[in-house]
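The values are calculated or read from the model by the stated rules, or taken from the named source; none is laboratory data. Everything numeric here is computed off the predicted structure, so don't read it as measured data. Don't worry about glycine lacking a Cβ; one is built from the backbone with ideal geometry, like all the others, and counts go over all protein chains shown. The protein model used for the area step is the full one, side chains on, heavy atoms only, and it has no ligands, DNA or RNA in it. Shrake-Rupley method; radii C 1.70, N 1.55, O 1.52, S 1.80 Å.
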Amino acid sequence: MREKEAKFVQISPDAARKPLFGLDAVGLEKVIAEAGEPAWRGKQLAEALYRQRVGGLDGITTFPKTLREKLAAEFEVGRPQIAQVFTSVDGTERYLVETPKGDTVETVWMPEGDGGETGDGTDADESDRTWHRATICVSSQVGCAVNCQFCLTAKLGLQRNLTAGEIAGQVVAVLDRQRVEIGRDRVNLVFMGMGEPFLNYDSFMGAVKLLVEEVGLSPQRMTVSTSGIVPGIERFAAEPDAVRPKLAISLNAPNDKVRSEVMPINRKWPIEAVMDAVRGVRLRTKERVTFEYVLLGGVTDREQDAHEVARLVRRTGLAAKVNLIAWNPGPGVPFEMPREGAVEHFKKTLAAEGISAYLRRPRGRDIYAACGQLKRTVEG
Ligand code: SF4
């Protein structure tokens, strides 16, 4: 495994150059002004980086060669690159994405296609498209410090925070690979990959702003999941609707006692403190807060747990739904999958209590792409 990983950890020959990817239109205009060029060239640069998804300065065809060379003396595009692809039997793709610094994070593409495109009059270059909508799962840190006991990423510990450009760059790299057309294709983003977004708040929100304002994605098609970082939720509550994604709380337990065992962060910010902070978020019409709930066999998957979760969710007074996820096994993680039928029964129990509950299909389990499984498992 060491050998395999080593080939992705290499010093880029452009390491000394500064990345342009990650700067917003204003920042790019400043770069352009310093190069002695008019402001509209900054807009062209933003268009090239975020809409045309160029991978190198040579690709900016709206710029004269002299300007490209002038910029190349000091800058590079510096967008993260997909270094390796693992494809699941269910169509999910897990990517090892290499940052300009040479380390790697994981990003996942989950198509939910109906396969009915061919022969219905769509353009020829669309005939191989097998999806109508898809979700990209994005990482916010290299590793994670939160230490949820059921999570493979936790085993890495926190290695570093990603920059805004490195977070948004995962998305743009995947949009490019999948030839997504903004405005035509339905793509959702979930910030649920490696890391705790609210422990890297400025970079996370910087990435969201880039994705909304420069790439053209809607914040209402984005969901950020937090383990319950109260100061982060409070900051998030103050974000304007124009750039605020939807919120998911990674709940995973029916009460503080069990939650503190499976998510030690609960000792710092117990459930009621998290809910108080969540109540500060002004939800849009029809928007609901999601509670993510990983069912651990014999620990959180019993009928009494479902009743307790229903009471807890009702007590919050929030417009909410519950996403149920059967725990995905991972090497060295000491839990068991829920018993046969337990997840369905849990869902029915919640529904009988009047709580909307959904089952998240495990995606890409065979390639370690499912929830809680992201850990640079290059052996796939
Ligand atoms: S579940 Fe999320 S917050 Fe918890 S350790 Fe894993 S990556 Fe971090």
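Can you name the residue in the stretch 227-250 that is aliphatic (A, V, I, L, M) and open to solvent by 50 Å² or more (accessible area, probe 1.4 Å) and, of all such residues, is farthest from the ligand (Cβ to nearest atom)?
Restricting to residues being aliphatic (A, V, I, L, M) and open to solvent by 50 Å² or more (accessible area, probe 1.4 Å), the top hit is ALA242.
Condition first: out of contact with any strand residue (DSSP E or B) (no Cβ under 7 Å at 6 or more places or on another chain) and surrounded by fewer than 17 Cβ atoms within 10 Å (Cβ to Cβ). Now tell me which residues in the stretch 334-362 satisfy that.
If the condition is that a residue be out of contact with any strand residue (DSSP E or B) (no Cβ under 7 Å at 6 or more places or on another chain) and surrounded by fewer than 17 Cβ atoms within 10 Å (Cβ to Cβ), then PRO334, GLU336, ARG339, GLU340, GLY341, GLU344, HIS345, LYS348, ALA352, GLU353, GLY354, ARG361 are the ones that fit.
Within the stretch 141-154, can you find the residues that are in contact (Cβ under 8 Å) with a residue 12 or more places away in the chain and within 9 Å of the ligand (Cβ to nearest atom)?
Hits for the stretch 141-154 are GLN141, GLY143, CYS144, ALA145, VAL146, ASN147, CYS148, GLN149, PHE150, CYS151, LEU152, THR153.
Given the structure, is LYS155 basic (Lys, Arg), at pLDDT 95 or above and open to solvent by 20 Å² or more (accessible area, probe 1.4 Å)?
no
All but one of (1) farther than 21 Å from GLU213 by Cβ; (2) without any contact (Cβ under 8 Å) to a residue 60 or more places away in the chain hold for GLN52; which doesn't?
Unmet condition: (1).
How many residues, within the stretch 251-265, are within 12 Å of the ligand (Cβ to nearest atom), among the aliphatic types (A, V, I, L, M) and open to solvent by less than 20 Å² (accessible area, probe 1.4 Å)?
3
How do the strands (runs of 3 or more DSSP E) wholly within the stretch 28-116 filter down when requiring 3 or more residues that are crowded, with 19+ Cβ neighbours inside 10 Å: which remain?
Ranges flagged: 93-98, 104-111.
Give the residues of the stretch 17-27 that are in a strand (DSSP E or B) and surrounded by fewer than 19 Cβ atoms within 10 Å (Cβ to Cβ), sorted by residue number. First the steps, then the outcome.
So the first thing to find is which residues in the stretch 17-27 are in a strand (DSSP E or B), and the list is 18-19, 21, 23.
Answer for the stretch 17-27, where residues must be in a strand (DSSP E or B) and surrounded by fewer than 19 Cβ atoms within 10 Å (Cβ to Cβ): just LYS18.
Only one of these is closer than 22 Å to PHE150 by Cβ, open to solvent by 20 Å² or more (accessible area, probe 1.4 Å) and touching a residue at least 12 places away in the same chain (Cβ under 8 Å): VAL224, VAL309, VAL299. Name it. Give the steps one after another, and end with the answer.
On the way: VAL224 fails: open to solvent by 20 Å² or more (accessible area, probe 1.4 Å); VAL309 fails: open to solvent by 20 Å² or more (accessible area, probe 1.4 Å).
Among VAL224, VAL309, VAL299, only VAL299 is closer than 22 Å to PHE150 by Cβ, open to solvent by 20 Å² or more (accessible area, probe 1.4 Å) and touching a residue at least 12 places away in the same chain (Cβ under 8 Å).
Condition first: open to solvent by 20 Å² or more (accessible area, probe 1.4 Å), at pLDDT 95 or above and assigned to a loop (DSSP other than H, G, I, E, B). Can you find one or more residues in the stretch 185-193 that meet it?
no
Please tell me if LEU162 is more than 9 Å from the ligand (Cβ to nearest atom), among the hydrophobic types (A, V, I, L, M, F, W, C), touching a Lys or Arg at 6+ places or on another chain (Cβ under 9 Å) and in contact (Cβ under 8 Å) with a residue 12 or more places away in the chain.
In short, no.
For the stretch 258-271, check the following and say yes or no: at least one residue is more than 25 Å from ILE325 (Cβ to Cβ) and of a type in the set (Asp, Glu).
Taking every residue of the stretch 258-271 in turn, none turns out to be more than 25 Å from ILE325 (Cβ to Cβ) and of a type in the set (Asp, Glu).
Looking only at the stretch 158-184, filter to residues that are part of a strand (DSSP E or B) and not β-branched (Val, Ile, Thr); which one of those is surrounded by the most Cβ atoms within 10 Å (Cβ to Cβ)?
LEU158
Which members of the stretch 204-221 meet the condition of being open to solvent by less than 10 Å² (accessible area, probe 1.4 Å) and either among the β-branched types (Val, Ile, Thr) or away from the ligand (no atom under 16 Å from the Cβ) (or both)?
Within the stretch 204-221, MET205, ALA207, VAL208, LEU210, LEU211, VAL215 qualify.
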